[in-house]
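Read-outs: derived from the displayed coordinates by stated rules, not from any lab. Here the structure is a predicted model, which means the values were calculated and not measured. Note that each Cβ is placed from the backbone with ideal geometry, even for glycine, and that neighbours are counted across all protein chains shown.
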Amino acid sequence: MASFESIKQVGVIGAGTMGRGIVMNFVNAGYPVVWLDVNAEMLEKGIEDIRNTYKRSVAQQRFDENEANARVERISTTQAYADLADMDLVVEAVYENMDLKKQIFGELDKAVKASAILATNTSYLDIDEIASATQRPAQVLGLHFFSPAHIMKLLEVVRGKATAQDVLDACLAVGKKIGKEAVLAGNCHGFIGNRMLSMYSRQSREVVLEGATPWQVDQALQGFGMAMGPYRMYDVVGVDLGWRSRQLAGQGRGEPIVWLDNKLCEMERFGQKSGHGFYKYEPGSRQAIHDPETDMLAREVAEEAGYTQRDVGDEEIVRRCILALVNEGGRILDEGFAESAEDIDRVYLYGYGFPKERGGPMSYADSLGLDVVLEQIRELEASQGEFWKPAAGLVKRAEAGERFTKS
């Protein structure tokens, strides 16, 4: 029987950026961690990065040097799965590749004691397929940390179809101990946060094809209160991520909403990391500078895709992007992939920079009145089509004069 108290030793697999952040979460909370990567140099660099992070914390007087050293001393590194044999929880944090993750889980299943919980830090991939590589699907789940993992508060605890309740309860409690807002999510593509984000992102791109500019979209959504506009977010994450995956999948150019990304990547404008994406960046700076050339490229792409451009106002940008979040949140509730509207709000407040004063997307919809929200979505459905079909639960609540949230 898995329990919070039974989790005393933690293994982490992968010494990339996410792995480093995840290791820090656990050692900061007092857990000893065995850190595995097949690349010894990556592990050395990872330890060095963690030391430097702690040095900065000491300089900022968050804790003293003795505490910094104690945290680093809780980490041991290895390249051998056998060294994970006694772990109570192992978190895999390699890049998003199903074959690789299944291979790792097959190795873990053989190497780690039978009572151990095995978790994958994936943003999108199917937990059940990963669990199928093991003989213990009841002890497999997703622990989706957000980047940077040692700073961001949200943790999606993702339930597979076979995941045991005691395993979920133990991991929710561990999430709390390591200082996270742990939210239970069902196993659908993108879980709660990224599934909703894909709809928000789609609208942020559609309005640009219709006549807005990336700069205008960001200004409008930041004016609404979002911590960061979508185009700034694409630059931070890397404009090339989707472009490279489309190339690997042999998808050619993809649909028109990604043609602007393609054009930027062909110009080696990959985002913040290359000093130029949708925005320009001065050397060593993360400050996004408006680039009129991006606006011009956006118009060229829209023309090539056959769009007749028009003036798109800030109010329309905000309405479409935020209502896309709300409607998809409604579908997630309908399908049982979130426990409550309040959980969806927590995901957006702690993981996606939704303005706290608006309470989260579902609370915001309640504040507008679900009858008003439904009317606006039906207007968009009439003019824009199938994308805007209202979630069944939204229709039902609006017609009954009910809310998404309980308070």
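Pairs of Cα atoms in the range 230-304 fall into 5 Å distance bins, from 0 up to the last occupied one, in shares of 3, 18, 27, 26, 16, 7, 3, 0 percent. The tail of the calculated P(r) for the range 285-366 beyond 15 Å holds 69 percent of all Cα-Cα pairs. An oblate overall shape is assigned to the range 24-65, the ratio a/c of its alpha-carbon gyration tensor axes (a ≥ b ≥ c) being 1.5 or greater and a/b not exceeding b/c. Of the GluC sites (Glu not before Pro) in the range 259-366, the ones in a loop by DSSP (not H, G, I, E or B) with at most 15 other beta carbons within 10 Å are GLU268, GLU335, GLU339.
Footprinting exposure proxy ranking of VAL34, VAL58, fewest other C-beta atoms within 10 angstrom first, gives VAL58, VAL34. Taking label points 7 Å from Cα along the Cα-to-Cβ direction, GLU129 and THR308 give a separation of 4.2 nm.
Remark: CYS171, CYS321, CYS188 ranked as CYS188, CYS321, CYS171, counting other beta-carbon atoms within 10 Å and listing the fewest first.
Separation between the GLU375 and GLU266 pseudo-spin-labels, each 7 Å from Cα along Cα→Cβ, expressed in nm? In this crude label model, GLU375 to GLU266 measures out at 4.5 nm. Classify the range 268-331 from the C-alpha gyration tensor, please: rounded if a/c falls under 1.5, else prolate or oblate depending on whether a/b exceeds b/c. Because a/c hits 1.5 or more and a/b fails to exceed b/c, the range 268-331 counts as oblate.
Can you put ILE192, ILE13, ILE75 in order, fewest other beta carbons within 10 Å first? Display every interim value, and only then the final one.
Working: ILE192 29, ILE13 26, ILE75 19.
Ordered from fewest to most neighbouring Cβ atoms within 10 Å, ILE192, ILE13, ILE75 come out as ILE75, ILE13, ILE192.
Phi-derived couplings, Karplus 6.51 cos²θ - 1.76 cosθ + 1.60 at θ = phi - 60°, listed residue by residue for the range 268-278: 6, 9, 8, x, 3, 5, 9, x, 6, x, 5 Hz, with x used for Gly and Pro.
Where both bridge residues fall in the chain, DSSP classifies roughly 25% of the beta bridges as antiparallel. log₁₀ I(q)/I(0) of the range 95-228 at q = 0.10, 0.12, 0.21 Å⁻¹, via Debye over equal Cα point scatterers, no solvent, to two decimals? Those come out to -0.41, -0.56, -1.21, one per q.
If you run the Gaussian network model on the chain, springs between alpha carbon atoms under 10 Å, then out of GLY250, GLY16, GLY336 the most flexible one is GLY250.
For the range 176-272, the spherically averaged projection of the C-alpha convex hull amounts to 8.2 nm². For LEU89, the amide hydrogen comes within under 5 Å of the amide hydrogens of GLN9, GLY11, ILE117, counting only partners 5 or more places away or on other chains and with H modelled in the peptide plane. Ordering ALA341, MET296, VAL208 by the projection of their Cα atoms onto the charge dipole of the chain, which places +1 on the Cβ of Lys and Arg and -1 on the Cβ of Asp and Glu, puts ALA341 at the extreme positive end.
Computed from Cα atoms, the angle from the helix 314-334 axis to the main principal axis of the chain rounds to 50 degrees.
For the options ALA341, ALA182, ALA40, a Gaussian network treatment of the chain with springs between C-alpha atoms closer than 10 Å singles out ALA40 as fluctuating the most. For the residue pairs LYS45/LYS180; LYS8/LYS180; LYS356/LYS389, the C-alpha atoms sit more than 22 angstrom apart in LYS45/LYS180; LYS356/LYS389. Phi angles of the range 356-372 translate, via the Karplus equation with coefficients 6.51, -1.76, 1.60 and θ = phi - 60°, into HN-Hα couplings of 4, 5, 9, x, x, x, 6, 5, 4, 4, 4, 5, 6, x, 5, 5, 5 Hz per residue; Gly and Pro are given as x.
Applying the criteria of a DSSP loop state and at most 13 other Cβ atoms within 10 Å to the trypsin sites (Lys or Arg not before Pro) of the range 219-269 yields ARG253. Temperature 4 °C, viscosity 1.567 mPa s: under these conditions the Stokes-Einstein estimate for the range 248-407, based on its Kirkwood radius over C-alpha pairs, is 71 µm² per second. Loop-located trypsin sites (Lys or Arg not before Pro) in the range 90-130 (DSSP state other than H, G, I, E, B) with a sparse environment of at most 13 neighbouring Cβ atoms within 10 Å: LYS113. Rounded to the nearest Hz, the phi-derived 3J(HN,Hα) couplings of the range 374-389 under the Karplus curve 6.51 cos²θ - 1.76 cosθ + 1.60 (θ = phi - 60°) are 4, 4, 5, 5, 5, 5, 5, 4, 5, 9, 10, x, 3, 3, 9, 4, where x marks glycine and proline.
In a reduced charge model with +1 at each Lys and Arg Cβ and -1 at each Asp and Glu Cβ, the range 314-399 shows a dipole moment near 100 debye about its Cα centre. Report, to the nearest 10°, how far helix 193-210 tilts away from the longest principal axis of the Cα atoms in the chain, using its own Cα long axis and a range of 0 to 90°. Tilt of helix 193-210: around 30 degrees. Across the alpha-carbon atoms of the range 15-86, the computed radius of gyration and Dmax are 12.2, 39 angstrom.
Rounded to the nearest 10 degrees, the inclination of helix 341-351 to the longest alpha-carbon principal axis of the chain is 80 degrees.
Near GLU181, the amide H atoms lying under 5 Å from its own belong to LEU154, LEU155; only residues 5 or more places off or on other chains count, and H is placed 1.01 Å from N. Compactness ratio for the chain: Cα radius of gyration over 2.2 N^0.38 Å (N = residue count) comes to 1.03.
Report the Cα centroid-to-centroid distance between the range 364-407 and the range 296-348 in angstrom, as an integer. Using only Cα atoms, the two centres lie 14 Å from each other. Using 0.36 nm per residue and subtracting the Cα-Cα separation, the extra length available between VAL58 and ALA173 on full extension is 38.6 nm.
Taking amide H atoms as placed 1.01 Å from N in the peptide plane, the amide H of GLY353 has no partner under 5 Å among residues 5 or more positions away or on other chains.
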